[in-house]
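Worksheet for the structure shown next.
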Amino acid sequence: MNCELAHERIVLAAYSELPDDQTHELDRHLATCNECSREREQLLALKTLASAYPVLEPDPHFVTRSRIRLEEELDAIPPKRWYERFGQRMLNNFASLQAAPAAALLLLIVGAGAGTLGGYEYAQARAAHTASHAAAQAAARGDSSTTASAPAEVASISSIVRQPNSEIVDVTYDQLVPQHLQGSLDDPAIRQLLMLASENSSSPGVRDDSVGLLAAECRAGHACQGEGIRDALMVALRYDKSETVREKALQGLEPFVAEDMRVRDAVLEALLNDSDPRIRSAAITELEPVEADTSVRQVLFTVANSDHNPRIRTASREILSRAPVIQ
């Protein structure tokens, strides 16, 4: 039996789905192959670890929240400009017209695009020049109604109403206005803004600052309930792309590893899956107070025997050696 076939049968044997004759053949192979034997031990350890976790029912609002978050992310994507859409349409047309001479078609597309873009820019410049000239003339006449300039940062236009028998137009618009809020870290409004900022995908710096403040609050012993700051830190630890943000989130969760099973699971996931060795080493250190826990020992056993990082393996073995009894 070769090792590739043995790996397939190891999985079937772990779940008691392998016939007896093939099981005996697999046992003979494992007796002489150390690599396949380690493979079986790792699989059995993973199965034991998985069985230690309770089967949780999904949150009934999980799909709704996911859809809302997806819509928010899609809304955050800036719309394409008209000339980008025009260029994409021309490229699609170019791909469909395979029978046309390539050089002539390319020249036609470039000429049409340049002409359209030039006309658009000229029209904009002309309109701006006309508006500024009219404003200057109105200012000279002392007419204040026509000198008002268009506001900046317009989000949307709500309505446009022309007054009867008049040139006056009423425009209702929504404007993007930056807001500022100052308060202590205990202020619920400040905490809510910090939790929102921890999920700000467009600004790594804002996420770093917000998670750092939340973690400092938890480490200082302030209120960090499961439904709130603690959850925000666990989300950052699991999913944030920044190593700095994940490391700060891990530090903020340290006081709750012993008392909160969900926090313990998040730290175990970081030990198993995080790509940064520093974060994985810090996770091992945070798990020391609960080193006798069954799930913790199972993960440490797996890491100590199969991890590619020798320092991680050594640290895991040291903790295992100090807690020989499984509770």
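The values are calculated or read from the model by the stated rules, or taken from the named source; none is laboratory data. Because the structure is a prediction, the values reported are computed rather than measured. Reconstructed Cβ throughout: ideal geometry from the backbone, glycine too, with neighbour counts over all protein chains shown.
Look at the stretch 1-36 and say how many of its residues are under 30 Å from LEU271 (Cα atoms) and surrounded by 15 or more Cβ atoms within 10 Å (Cβ to Cβ).
Here is the first cut: in the stretch 1-36, the residues under 30 Å from LEU271 (Cα atoms) are 3-4, 6-16, 30, 33-36.
Filter once more, so that each one left must be surrounded by 15 or more Cβ atoms within 10 Å (Cβ to Cβ): 6, 9-10, 13, 30, 33, 36.
Looking only at that region, the number is 7.
Rundown of residues vs (1) more than 23 Å from ILE229 (Cα to Cα); (2) not hydroxyl-bearing (Ser, Thr, Tyr); (3) not assigned by TED's automatic domain parsing to the domain that holds VAL235, yes/no style:
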| residue | (1), (2), (3) |
| --- | --- |
| ARG264 | no, yes, no |
| ASP274 | no, yes, no |
| PRO277 | yes, yes, no |
| SER281 | yes, no, no |
| THR285 | no, no, no |
| GLU288 | yes, yes, no |
| ASP293 | yes, yes, no |
| LEU300 | yes, yes, no |
| VAL303 | yes, yes, no |
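Of the conditions (1) surrounded by fewer than 21 Cβ atoms within 10 Å (Cβ to Cβ); (2) over 22 Å from ARG322 (Cβ atoms); (3) among the hydrophobic types (A, V, I, L, M, F, W, C), VAL245 clears all except one; give me its number.
The failed condition is (1).
Tell me which residues, restricted to the stretch 219-241, are crowded, with 16+ Cβ neighbours inside 10 Å and not in a helix (DSSP H, G or I).
CYS224, ASP240
Tell me, which helices (runs of 4 or more DSSP H) lie completely within the stretch 1-102 with 1 or more residues that are under 30 Å from the mean Cα position of the chain (by Cα) and modelled with pLDDT of 75 or more? Explain how you work it out, then say what you get.
Numbers: elements: 3-14, 20-32, 34-52, 62-76, 82-96.
Answer list for the stretch 1-102: 34-52, 62-76.
For the stretch 299-313, name all the residues that are in a helix (DSSP H, G or I) and surrounded by 14 or more Cβ atoms within 10 Å (Cβ to Cβ). Spell out the reasoning first.
Let us first name the residues in the stretch 299-313 that are in a helix (DSSP H, G or I), namely 299-306, 310-313.
Within the stretch 299-313, VAL299, LEU300, PHE301, THR302, VAL303, ALA304, ASN305, SER306, ILE312, ARG313 qualify.
Can you confirm whether ALA216 is part of a helix (DSSP H, G or I) and crowded, with 23+ Cβ neighbours inside 10 Å?
Details: part of a helix (DSSP H, G or I): yes; crowded, with 23+ Cβ neighbours inside 10 Å: no.
Against the criterion (part of a helix (DSSP H, G or I) and crowded, with 23+ Cβ neighbours inside 10 Å), ALA216 does not qualify.
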